Amino acid sequence: MAKIAIKAKNNNDLSEIRALIKKHKKNDLIFAATGMFVIASLTITLLILFLDLVIDGYPRFTLDFFSNFPSRRALKAGILSAWIGSSLVLIVTFFVAVPLGIAAGVYLEEYAKKNWISDLIEINVSNLAGVPSIIYGLLALGLFVYSFGLGQSILTAGLTLALLMLPIVIVSTRESIRAIPVHIREAAFAVGATKWQVVINHVIPYSYGGILTGVIIGMARAIGETAPVITIGALTFIAFLPPSPISTSAPFLNFEWLEAAFTVLPIQMFNWISRPQHAFHVNAAATGAVIIVLTALMNGFAIRLRYKIRKKIKW
Amino acid sequence: MVDKNKHNEIVKAESKKLDFYYADGTQALKNVSLPVYENKITALIGPSGCGKSTFLRSFNRMHDLYPGNRYDGEIVLHPDNTNILDAKVDPIEVRMRISMVFQKPNPFPKSIYENVAYGLRVRGENNARTLDDKVEEALKGASLWDEVKDRLQDLAFNLSGGQQQRLCIARALATEPEIMLFDEPTSALDPIATVNIEELMSGLKEKLSILIVTHNMQQAARISDYTAYMYLGELIEHDATDKIFTTPTMKETEDYITGKFG
Ligand SMILES: Nc1ncnc2c1ncn2[C@@H]1O[C@H](COP(=O)(O)OP(=O)(O)OP(=O)(O)O)[C@@H](O)[C@H]1O
Ligand SMILES: [Mg+2]
């Protein structure tokens, strides 16, 4: 017959332990409830704002709205030049900020000697992410428009937003590189890889998830930026399109569009909302909804991609 | 040139009066002179913190990855008599000749195939047939082939711990190194996986020379031909394993082996 333990903690002790656990668990509850409350109120606020825009702008959710130029008559006005402008500017931003940001992040993390200079750069880069965007606009006005003579063009706007996005890409690149475990890095070096091979075959592929998140968050920020684009002189009323980047004859790609004048979605929205007529406010609301949907789509895409990559690479 | 020594073995490599300093000034190795014999397994034992890993990692210049570390003395690799610690010798060349298996299995987050092929790719091998052949050969050499031959494209992370460690051995083996370094390769594994890997190492020494750090005295006794006992950064004794485990010369060695200390 099995014996039953006879030496137990006495009841007092037991109830004391239980009371203690209960007390500690209360903190869990308080924290979880507060967190829930904050997140819920944020989400609900955003949802209400979005719904408000959708309800206001609803009458303009037609194909015409996307395929018409702005017009003096609100009902005929559309966002064609604005969404094409935004897209082209973002393309420039992407192709400038992403390679440059990744390269800078990799350089700082893998190649730069760690000393006070690299510390200084590090602090600077992190701070740049928080600089008000109008400052970037002023910088760009002086540098790109006047010094380089790039004009008030798509190229200037793309470069300006790239500046804005660069710190985000650099910081996210560095953080994901730092997340790579030392023993994986050493494994790569141990088979005889050079630094460059380690960077190309390991460091960058394993950091994709984090870098991508930074890139898309940066793009989502860039798409809604108004101040710097106004500073460099984006027009508010444009009834023509930039030259097409693709042509039917050789060399098939052309870059005249880079020099074209342009407008972007938030400026179009700003322009309409500053009109007195209510009908234009409807247009503005519809444009706002479009911007939010675009941002949400980009973020959703980022989350999905990151999820897929994380499934493959887990440290 | 073939070096003979008191044990009448062929010396594959030897450290000569090796000192090592970490960037913070810690001297982790003091005047260590130790031969690694060809086609033999040399085991390094000693209490935690005595410098075994530091010594092992000097053999593939792993310390060069971190700024401020400093070697003094030589590690001479035969038959070419190269001092692999010489600043003029590229650490990458050293790592191409001497490969390493780490304590924790550390496969790349890539496919099984790519893990094994990586060392070859680094050496510029791109021919698919050659790669296939060498990957197969290495996996067979690491006794892993039968378990993975049908899923070479699977992620390496999906293997068990013991399989991952054998994969890492295959990766280190694929490039046909002259010496393989093992830093407590079985400390993260269960007894069965451990036996697998021990048998594997005993087979490997036919082709190359092995230097292994182990905390497990029975393991050292089971698999090694020579054993070195280190203490506080110094080499206390180096001899044939039988001799070390039965009649060590030094009192410290005996105390450590019999468990009176350590
Ligand atoms: N990166 C480092 N910087 C400074 N000192 C270090 C560093 N790594 C190790 N040391 C020191 O060097 C000495 C030797 O360490 P080492 O890792 O070689 O010991 P070990 O014999 O492998 O120990 P273990 O059996 O625990 O793995 C220890 O005193 C340790 O504290
Ligand atoms: Mg160690």
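Ranked by solvent-accessible area (1.4 Å probe, protein heavy atoms only, all chains present), the residues A:Tyr136, B:Tyr22, A:Tyr58 order from largest to smallest as A:Tyr58, B:Tyr22, A:Tyr136. Calculated FRET efficiency, A:Tyr58 to A:Asp28, Cβ-Cβ distance, R0 = 35 Å: about 0.20 to the nearest 0.05. In region B:11-257, what % of DSSP beta bridges are antiparallel (nearest 5)? Close to 60 percent.
The HN-Hα couplings worked out from phi for region A:192-198 by the Karplus form 6.51 cos²θ - 1.76 cosθ + 1.60 (θ = phi - 60°) are x, 6, 7, 4, 4, 5, 5 Hz, whole numbers, x standing for Gly and Pro. Close amide H pairs (under 5 Å, H built 1.01 Å from N) link B:Asn83 with B:Leu77, residues at least 5 positions away or on another chain. Counting only residues at least eight positions apart within a chain, or on another chain, the aspartates and glutamates with an alpha carbon under 15 Å from that of B:Lys40 are B:Asp3, B:Glu9, B:Glu14, B:Glu178, B:Glu198, B:Glu199, B:Glu206, B:Asp225, B:Asp239, B:Asp242. Taken as Cα centroids, region B:1-55 and region A:216-286 sit 68 Å apart, rounded to the nearest whole angstrom. Take the Cα of B:Glu147, go 7 Å toward its beta carbon, and the backbone nitrogen atoms of region B:98-124 under 20 Å from that spot belong to B:100-118. Just the protein heavy atoms count here, and of the accessible area of the protein assembly as shown at 1.4 Å, carbon and sulfur take up 62 percent. Backbone phi angles across region B:206-214, fed through the Karplus curve with coefficients 6.51, -1.76 and 1.60 (θ = phi - 60°), yield HN-Hα couplings of 4, 9, 8, 10, 10, 10, 10, 9, 9 Hz in residue order; Gly and Pro are listed as x. Averaged over peptide A:181-187, the number of partner chain Cβ atoms lying within 10 Å of each residue's Cβ comes to 5.
The order of B:Met230, B:Met250 by accessible area, most exposed first and with a 1.4 Å probe, is B:Met250, B:Met230. Seen against the Cα atoms of chain A and their longest principal axis, helix A:116-128 is set at about 70 degrees. Need the list of lysines near B:Lys149 for cross-linking: C-alpha distance under 19 angstrom, and skip anything on the same chain fewer than eight residues off. Straight-distance partners of B:Lys149: B:Lys110, B:Lys134, B:Lys140. Among A:Ala97, A:Ala32, A:Ala140, the residue with the largest mean-square fluctuation in a Gaussian network model of chain A, with springs joining Cα atoms closer than 10 Å, is A:Ala32.
For region A:256-267, the Karplus equation 6.51 cos²θ - 1.76 cosθ + 1.60, evaluated at θ = phi - 60°, returns couplings of 4, 4, 4, 8, 6, 6, 7, 9, 10, 3, x, 6 Hz by residue, with Gly and Pro reported as x.
In the complete set of protein chains, residue-level accessible area for B:Arg57 is approximately 40 Å², probe 1.4 angstrom. Among the protein heavy atoms, those of A:Tyr208 account for about 120 Å² of accessible surface (1.4 Å probe, every chain in place). Here's how it looks for B:Ala28: its modeled amide H is under 5 Å from those of B:Phe20, B:Tyr21, B:Tyr22, which are all 5 or more places away or on a different chain. Straight Cα distances below 26 angstrom link A:Lys113 to the lysines A:Lys195, B:Lys88, with same-chain residues fewer than 8 positions distant left out.
In the full protein context, the protein assembly as shown carries 51 Å² of accessible surface per residue, based on a 1.4 Å probe and ignoring ligands, DNA and RNA.
Computed with a 1.4 angstrom probe on protein heavy atoms, the B-A interface buries about 1900 square angstrom of accessible area in total. Accessible area ranking (1.4 Å probe, heavy atoms, ligands and nucleic acids excluded), largest first, for B:Asp80, B:Asp242: B:Asp242, B:Asp80. Where the alpha-carbon atoms of the protein assembly as shown are placed on the principal axes, they occupy 102, 79, 51 Å, in descending order.
Quick one: helix A:11-57 against the long Cα principal axis of chain A, what's the angle to the nearest 10°, folded into 0 to 90? Rounded to the nearest ten degrees, it is 10. Using heavy atoms of the protein chains and a probe of 1.4 Å, the accessible area assigned to A:Trp83 is about 100 Å². Helix content alone sets the calculated 222 nm mean residue ellipticity of chain B: runs of n ≥ 4 DSSP H residues at -39500 (n - 2.57) each, divided across all residues, give -9500 deg cm²/dmol. Estimated from helices alone, the mean residue ellipticity of chain A at 222 nm is -22000 deg cm²/dmol (sum of -39500 (n - 2.57) over DSSP H runs with n ≥ 4, per residue).
A cut-off of 5 Å between modelled amide H atoms, ignoring neighbours fewer than 5 places along the same chain, links B:Met100 with B:Leu181. The long axis of helix A:80-106 is offset from the longest Cα principal axis of chain A by roughly 50 degrees.
A loss of 10 Å² or more of accessible area (1.4 Å probe, protein heavy atoms, ligands and nucleic acids excluded) relative to the isolated chain is seen in these residues of region A:282-315: A:Lys312, A:Ile313, A:Lys314, A:Trp315. Shown here for region A:11-64: chymotrypsin sites (Phe, Trp or Tyr not before Pro) in loop regions (DSSP other than H, G, I, E, B) with at most 16 other Cβ atoms within 10 Å, namely A:Phe61.
The values are calculated or read from the model by the stated rules, or taken from the named source; none is laboratory data. Note that the structure is a prediction, hence the values are computed from the model and not measured. Virtual Cβ from ideal backbone geometry, glycine too; neighbours counted across all protein chains shown. For accessibility, only protein heavy atoms count, side chains too; no ligands or nucleic acids. Shrake-Rupley method; radii C 1.70, N 1.55, O 1.52, S 1.80 Å.
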